[in-house]
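One structure is given below, encoded as structure tokens.
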Amino acid sequence: MSGMISAGVLLAVMSGMMNGSFTLPMRFLGKWEWENVWSLFIVFACLLLPAVLVSILAPQSWGILLHAPLHALVIAALTGFAWGFGSILFGQSVSAIGISLANTLVLAISSALGSLLPILLLAPQKLMARVGHRILLGVTVEIVGIALCGWAGRLRDKAADAGSGRGGMVGHARPVGIALMMALGSGVLSAVFNIGFSLAKPIADYGHAAGLSEFSSTNLIWCVMLAAGAVSNLGFCLYLMLKNGSSRKFVQRGVGRLYGLSLLMGLLWGGSIFVYGASVPKLGSLGTSIGWPLSLAVGLLLANAIGMGLGEWKLATQRARAWMYSAIVVLLVAVGILGWAGA
């Protein structure tokens, strides 16, 4: 039993590392426009990787999915499509303000709203119970951390030009205020993703009853939601390609490395979802109370370590860095409280 829990913890940590580092290749894709990078990333992460994994692990899943409850399939598709716009906002915010600040803001906002909105919309009576009090406490602490993070970013950009903290990311720099709004939108739509996943649970139940493992049954929901999210992402990327004439960059000379880096992005982010999904059953009843906050905390710390290593805070004042470190500590405390709420 202890060995299984250890394996679950290791997988949760691995998931956090993959999620915290998947935007790193964007630092080396400056020869392309944002839409070139993001469209390939989405194809790899949301379409090809899920299809390959499901086909290898449980090829009968496709036939089972065709007969899953229609209402759950519609919910999964609609919420996945809405989440796709959150993914766009996240990708834009990384280009706007860099890996460290964007990941911290989006992970924190997603965590807060992802904990609060499901209970607020699906079981509001629980807000008055102990679990509700813990969630409200965690969200309140997280809001403080988000405010500190935003203030640190404002101080960083005052110390130099607004693009100095991007670390040479593909895309265009934007003020912290606009990027914060992008992160807020991404966080809200990520919470919609969580709610949709909960409401689409009949798909997994049907798959499990049809003989699939718990992991493969959950993958049925991921496939529908990620494919629907790919539609909104690719639609926006196509709009930008037509507007900017950037589609020709896919066939310019010497782009093999760029295709490889985009594939790496897709493998890291898409893989993080499936790795985390594999960790939860191994943790048993501890899955949500240990696995989720552990994965989130690892991703938060690694994204900031990468951002610092790329020099995103090199030109920032000592005061700005101190505010950012304080924000990270506060956010980690908030993650721990939210994990305690799920225990």
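The values are calculated or read from the model by the stated rules, or taken from the named source; none is laboratory data. Remember, it's a predicted structure, so these values are computed and weren't measured experimentally. Glycine gets a Cβ as well: all are built from the backbone with ideal geometry, and neighbour counts include every protein chain shown.
Structural remarks
- Qualifying residue in the stretch 181-204 (condition: touching a His at 6+ places or on another chain (Cβ under 8 Å) and farther than 30 Å from Leu148 by Cα): yes
- Of the criteria (1) more than 17 Å from the chain's Cα centre (by Cα); (2) surrounded by 19 or more Cβ atoms within 10 Å (Cβ to Cβ); (3) within 21 Å of Leu53 (Cβ to Cβ), which one Phe274 fails: (1)
- Yes/no for Leu261 being at pLDDT 95 or above and not basic (Lys, Arg): no
- Residues of the stretch 116-137 that turn out to be more than 11 Å from Ile337 (Cα to Cα) and within 21 Å of the chain's Cα centre (by Cα), as a count: 4
- The set of residues in the stretch 174-190 that are surrounded by 17 or more Cβ atoms within 10 Å (Cβ to Cβ) and either in contact with a strand residue (DSSP E or B) (Cβ under 9 Å, 6 or more places away or on another chain) or part of a loop (DSSP other than H, G, I, E, B) (or both) contains only Arg174.
- Inter-residue pairs, beta-carbon under 8 Å, first free of Cβ contacts under 8 Å to residues at least 40 places away in the same chain and farther than 12 Å from Ile88 by Cα and in the stretch 177-190, second of a type in the set (A, V, I, L, M, F, W, C) and assigned to a helix (DSSP H, G or I), 6+ apart: none
- Qualifying residue in the stretch 91-105 (condition: touching a Cys at 6+ places or on another chain (Cβ under 9 Å), of a type in the set (A, V, I, L, M), at pLDDT below 90 and within 27 Å of Val139 (Cα to Cα)): yes
- Cβ-Cβ under 6 Å pairs, at least 6 apart or on other chains, the stretch 290-316 side charged (D, E, K, R), far side surrounded by fewer than 24 Cβ atoms within 10 Å (Cβ to Cβ): Glu312/Gly167
- Taken over the stretch 313-341, residues that are out of contact with any Pro (no Cβ under 8 Å at 6 or more places or on another chain), modelled with pLDDT under 80 and closer than 23 Å to Ala112 by Cβ amount to 2.
- Residue in the stretch 191-216 that is nearest to Pro281 (Cα to Cα), counting only those that are outside any helix (DSSP H, G or I) and among the hydrophobic types (A, V, I, L, M, F, W, C): Leu212
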